[in-house]
Every structure is written in structure tokens, then in C-alpha cells.
Amino acid sequence: MRRRRAERREGQPDTIYNNEICGKFINSIMQEGKKYLAEQIFYDALKIVETKTGKPGLSVFLEAVSNVKPDLEVKPRRVGGATYQVPMEVRAGRKLALTIRWLLQGTREKKGMPMSAKLAEELILAAEKKGTAYKKKEDTHRMAEANKAFAHFRW
């Protein structure tokens, strides 16, 4: 007998801004269960963003997240012995997960500064539609556009 489907649990919002996206982002920064350190990195990064841009850090963060969210991605489908890269729309939950992953990946690739400074730089660039994470989104969309001919294999 099959068990019932697992219920989606809502994420915990962060302590200062009471924002669920910030809470997820902090949890993604966290390594080895050190949430306090992850929170310090995130909030320090937002302070750096405020000083550099003159805009509220949270609004720049949310703008960066919305700019990096992908609408399309390609998934491999095997049809008749051949594997096609089929463009598909991205689910809402996966959009946020990919966005967070790309922002942190772009941050961790930078070298020679503290994590909060690297994160602040990546967030500012993403808000301006530049940077590693935004480039990753553009590449994903370009791949989907190039493989539009295989869209009929979607199911």
C-alpha cells in the first residue's frame, strides 16, 4: 500500500526582516549547522549593500533574487535511443532554489575577501543584471531558446 504524499512545510522567516526568502537564503549559506555565522554573513552583506548603493539592503536583495530567477530550463529526455535537451518551464519552488544556488555559487567562486563582502558584491551585480549568477540564468535561457525545436517532446 502506498503512503500518503508528504506535506510541504513552510520555511521559517529570518529574525530581523521576517522574510521567508531571507530565511531560506540564510539556511543555504549555513555550513556544518552554524546558523549564527550564516546570519552574521547575510546581515553584514546587506549592510555593505546599503553603504555601497544607498538603497535599503533588503530591497536590493529581493531585486537580485527576482533578476536571477529562471523561467525556462532544459531537461534531458530519451526518445527512441537519442537524448534531447527539452526546454521546460521551471516550477516556482525550483526557481527560488536555483536562484539561491547560483547566487551562492557565484559568491563562493570569488577569492580574496570575506564572505559577506563577496555576497554583497554578487547581490549588487545581480540587482544590476550583471554578475555570475545573472550570466548563469542567461545561459540557461539561451540553451532553452536554442532547443525550442524539441519542445514537442515535453510531457
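The values are calculated or read from the model by the stated rules, or taken from the named source; none is laboratory data. What you are looking at is a predicted structure, and each value in this text was computed from that prediction instead of being measured. Ideal geometry is used to build each Cβ from the backbone, glycine not excepted, and the neighbour counts take in all protein chains shown. Just so you know, the surface numbers come from the protein's heavy atoms only, side chains and all, with ligands and any DNA or RNA stripped out. Shrake-Rupley method; radii C 1.70, N 1.55, O 1.52, S 1.80 Å.
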Requested in this report: Looking only at the range 50-73, decide whether some residue is surrounded by 13 or more Cβ atoms within 10 Å (Cβ to Cβ) and farther than 21 Å from Glu128 by Cβ.
Outcome: yes
Query raised in the report: List pairs: first in the range 111-132 and within 14 Å of Phe42 (Cβ to Cβ), second crowded, with 18+ Cβ neighbours inside 10 Å and among the aromatic types (Phe, Trp, Tyr), Cβ under 6 Å, 6+ apart or cross-chain?
Result: Leu123/Phe61
Query - Subset tally (residues that are assigned to a helix (DSSP H, G or I) and free of Cβ contacts under 8 Å to residues at least 24 places away in the same chain) for the range 16-30 - result: 4
Requested in this report: Quick one: count up the residues across the range 31-43 that are open to solvent by 60 Å² or more (accessible area, probe 1.4 Å), under 14 Å from Leu119 (Cβ atoms) and either touching a Ser or Thr at 6+ places or on another chain (Cβ under 8 Å) or not in a helix (DSSP H, G or I) (or both).
Outcome: 2
Query raised in the report: From the list Lys148, Lys136, which one is within 28 Å of Gly57 (Cα to Cα) and basic (Lys, Arg)?
Result: Lys136
Query raised in the report: So Met143 clears everything in (1) of a type outside the set (Ser, Thr, Tyr); (2) open to solvent by 70 Å² or more (accessible area, probe 1.4 Å); (3) in contact with a Pro (Cβ under 9 Å, 6 or more places away or on another chain); (4) assigned to a strand (DSSP E or B) except one condition, right? Which one?
Result: (4)
